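In what follows, a single structure is set out as structure tokens and then discussed.
The values are calculated or read from the model by the stated rules, or taken from the named source; none is laboratory data. The shown structure was predicted, so the numbers you read here are calculated from the model rather than taken from an experiment. Note: ideal-geometry Cβ built from the backbone for every residue, glycine included; neighbour counts use all protein chains shown. Side chains are part of the model used for accessible areas, which takes the heavy atoms of the whole protein and leaves out ligands, DNA and RNA. Shrake-Rupley method; radii C 1.70, N 1.55, O 1.52, S 1.80 Å.
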Amino acid sequence: MLALDEKGFRIMLLLRLSPIMPFNIVNYAAGTSSMSFTSYTLALLGLLPGTILFVFIGGSAGAITGMNANGIDPAQVSGIASGVLFGMLAMLLTTYYTRIELKKITERRSSEIATRQALEISQTLDCSNQVVSR
């Protein structure tokens, strides 16, 4: 949750761009963190690419169904198929990039925690060595 507090906009935008997790879980996680409302609201822009893709797929399905009545135009079918293919490819690349970024953030956070714990242990040992030497 601390990652959402510190880099809330970036993490939420990446999660919105990629359908890795269900949005309900993401929304609850954001709600329980101290992420700013502004970051949460601006990250909703990440929903637009997926929404546009699904609208395009739905419109293409409607166009393909209409082609059966009017005859099939190979150029139109190839245009629709390439649009759907590139849209799905973009979604997969976004998901891949999101996983990489979230992994980096998680690893960075883990290393910061480990460094802080090591520093606390060394300070505790220094204090105990001072007490023993007296």
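Between Val55 and Arg99, full extension at 0.36 nm per residue minus the direct alpha carbon distance yields a gain of 13.4 nm.
Rounded to 0.05, the FRET efficiency of the Gln117 and Leu47 pair, given R0 = 30 Å and the Cβ-Cβ distance, is 0.20.
The heavy atoms of Lys7 offer some 80 square angstrom of accessible surface to a 1.4 angstrom probe.
Remark: relative contact order (the range 6-45) = 64 percent; criterion is Cα-Cα distance under 8 angstrom and separation of 6 or more residues.
Couplings for the range 107-122, taken from phi via the Karplus curve 6.51 cos²θ - 1.76 cosθ + 1.60 with θ = phi - 60°, read 5, 4, 5, 5, 5, 5, 5, 5, 5, 5, 5, 5, 5, 5, 5, 5 Hz in order; Gly and Pro are left as x. Here the scattering of the range 60-110 is modelled by Debye summation over its C-alpha atoms, one equal scatterer each and no solvent; at q = 0.15, 0.22, 0.32 Å⁻¹ the log10 of I(q)/I(0) is -0.56, -0.79, -1.08.
Starting from the Kirkwood radius over alpha-carbon pairs of the range 43-133, derive D by Stokes-Einstein at 25 °C in a medium of 0.890 mPa s and give it in µm² s⁻¹. Using the Kirkwood radius from Cα pairs, D works out to 136 µm²/s. Computed in the context of the full set of protein chains, the accessible area of the range 43-133 at 1.4 Å probe radius has 70% of its extent on carbon or sulfur.
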